[in-house]
Amino acid sequence: MIKRLSLALFCVGLLPLAAQAASYDCTRADTAAEIAVCANPSLNRLDEDLAVQYRSLLNRLPPRRAERLRQDQRSWLIARDSCGADVRCLRARYQERLARLNEY
């Protein structure tokens, strides 16, 4: 418990440094996964890469496939958030998602 609290406080302290790095506003990060992504430069890059790929696909896909992609993304976000602040787990989730998006 103390370890998690320490990690959370550490990550919160880093938020101003990475506030614009992730694909979302890090000052509004409210899950352990979002906070960890904001605090870790390599996860930030993966998050940005994923966001670019996702937006690009949404703009190209026909409406039915775009809706399916949105549903997949919502499911993926739940899976990502299940990692909590575990950087290895988050990195794996991002890499898997990027690979999946490349299959579209």
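Close contacts from the range 34-61, counting a first residue that is without any contact (Cβ under 8 Å) to a residue 12 or more places away in the chain and crowded, with 21+ Cβ neighbours inside 10 Å and a second that is among the hydrophobic types (A, V, I, L, M, F, W, C) and part of a helix (DSSP H, G or I), with Cβ to Cβ under 8 Å and a gap of 6+ residues or different chains, come to none at all.
Give the range 69-92 a look and list any residue that's in a helix (DSSP H, G or I) and more than 16 Å from Ala39 (Cβ to Cβ), or say none. Within the range 69-92, Leu69, Arg70, Gln71, Asp72, Gln73, Arg74, Ser75, Trp76, Leu77, Ile78, Ala79, Ala92 meet the criteria. Considering only residues in the range 1-57 that are closer than 18 Å to Leu77 by Cα and aromatic (Phe, Trp, Tyr), the one that is modelled with the lowest pLDDT turns out to be Tyr24. Residue count for the range 62-104, restricted to those that are loosely packed, with under 13 Cβ neighbours inside 10 Å and touching a residue at least 60 places away in the same chain (Cβ under 8 Å): 0.
The values are calculated or read from the model by the stated rules, or taken from the named source; none is laboratory data. What you see is a predicted model; the values in this text were computed from it and never measured. We place every Cβ from the backbone using ideal geometry, glycine too, and count neighbours over all the protein chains shown.
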